[in-house]
Amino acid sequence: MSAGQNIVVLTGAGMSAESGVPTFRGVDGLWEGHRIEEVASPEGFARDPELVHHFYNLRRAALNTVEPNAGHLALVKLEREWRGKFLLVTQNVDDLHERAGSEKLIHMHGELRKARCECCGAVLSWTQELSSGTRCRACGEIGGLRPHIVWFGEFPFEMETIMSALEGADVFLCIGTSGVVYPAAGFAQQVASHSNCRLIEINIERTEISRHFHEHIVGPVSAELPKLVERLLSA
Ligand code: OAD
């Protein structure tokens, strides 16, 4: 199927769940009694920066204890062996795709292992804790650093590149996302309007957007994605 065909892959938290990274909308959708929006919005950060830093410090530190799973590795194989254009768009802020070896990758919601300075605009690789007292390595200011994460109400990164890849997509794979956070939740509907784009979803359950897909594969990514990749590469 891959000769001359363009593929766009969208991943969400379900992609990394089997690596041990918790999803966002788990059992009660709360983190230590806070709604996710409270720790993932500019307003939340302005109200209580230390709480927000603490939330992301824990998630950043947790990356040291997780590894890519068979699903991440399958996407690397797909990227390397697919003969048309390939783009992987992830909503995940972990670095498991790049650790697995993915290269044509956009982190539309930012990256846990980066910090951004609101004083000088520098985006810095960051593996340590952040706090309101942290000094920016680029400009030396204290208190300007924030997680390089797209919060609710902010615009995701690299949307122009993503939109143009979606426009030319012949295959759209959507993996492990609940399909409730826009604009990513709208990608399936957008590509469904191309008469010739094939849409395939993998999730452990039906989602808000499953109705847009030609194929809905029910099951965990670590088992289902390697099988799907073999099928796509041999078609
Ligand atoms: P969610 O937590 O909303 O959804 C995770 C999805 O993964 C659910 O549909 C699960 O059914 C599915 N899932 C869980 N384990 C799976 C597995 N092993 N195999 C396959 N599917 C599995 O996460 P996202 O959809 O990624 O934004 O959430 C979107 C955005 O909301 C996130 O990027 C984040 C959050 O606010 C930001 O941080 C900006």
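The values are calculated or read from the model by the stated rules, or taken from the named source; none is laboratory data. Since we're looking at a predicted model, the values are computed, not measured. Because the Cβ atoms are built from the backbone with ideal geometry, glycine has one as well, and the counts that use them run over all protein chains shown. Each accessible area value is taken on the protein alone, full model and side chains, heavy atoms only, with ligands, DNA and RNA left out. Shrake-Rupley method; radii C 1.70, N 1.55, O 1.52, S 1.80 Å.
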State whether the range 177-223 is rounded, prolate or oblate according to the following rule on the C-alpha gyration tensor (a ≥ b ≥ c being the square roots of its eigenvalues): a/c under 1.5 gives rounded; otherwise a/b larger than b/c gives prolate, and the remaining case gives oblate.
oblate
With +1 on each Lys and Arg Cβ and -1 on each Asp and Glu Cβ, how big is the dipole of the range 78-235 about its Cα centre, in debye rounded to the nearest 20?
160
Distant-in-sequence amide H partners of Gly84 (H built 1.01 Å from N, under 5 Å):
Gly4, Gln5
HN-Hα J in Hz across the range 179-184 - Karplus 6.51, -1.76, 1.60, θ = phi - 60°, x for Gly and Pro:
x, 10, 9, 8, x, 4
Which ³J(HN,Hα) values in Hz, rounded to whole numbers, follow from the phi angles of the range 139-147 under the Karplus curve 6.51 cos²θ - 1.76 cosθ + 1.60, where θ = phi - 60° and Gly and Pro get x?
10, x, 6, 9, x, x, 7, 9, x
Taking H as built 1.01 Å from N, whose amide H comes closer than 5 Å to the amide H of His216, not counting residues under 5 places away?
Glu201
In the range 183-217, which GluC sites (Glu not before Pro) fall in coil by DSSP and have 13 or fewer other Cβ atoms within 10 Å?
Glu205, Glu208
Loop-resident sites, the range 95-154, for GluC sites (Glu not before Pro), counting at most 16 other Cβ within 10 Å (DSSP)
Glu103, Glu118, Glu129, Glu141, Glu154
With the 1.4 Å probe rolled over protein heavy atoms, the chain has an accessible area per residue in Å² of 47
The range 1-144: relative contact order in percent, alpha carbon pairs under 8 Å with at least 6 residues between:
26
Under the rule of -39500 (n - 2.57) per DSSP H run of 4 or more residues, summed and divided by the residues of the chain, what mean residue ellipticity at 222 nm is obtained, to the nearest 500 deg cm²/dmol?
-8500 deg cm²/dmol
Roughly how tilted is helix 221-234, in degrees to the nearest 10 and between 0 and 90, from the longest Cα axis of the chain?
40
Rounded, prolate or oblate: which fits the range 152-199 when a ≥ b ≥ c are the square roots of the eigenvalues of the alpha-carbon gyration tensor, with rounded for a/c under 1.5 and prolate only if a/b beats b/c?
oblate
What does the C-alpha gyration tensor say about the overall shape of the chain? Classify as rounded when a/c is under 1.5, otherwise prolate if a/b is larger than b/c, or oblate.
prolate
Roughly speaking, what is the stretch gain from Glu118 to Glu208, that is 0.36 nm per residue apart minus the C-alpha to C-alpha distance, in nm to one decimal?
28.9 nm
Magnitude of the Cβ-charge dipole (Lys and Arg +1, Asp and Glu -1) of the range 163-222 about the Cα centre, nearest 20 debye, reported as 60
Among Gly186, Gly20, Leu88 the positive-end extreme of the charge dipole of the chain (Cβ point charges)
Leu88
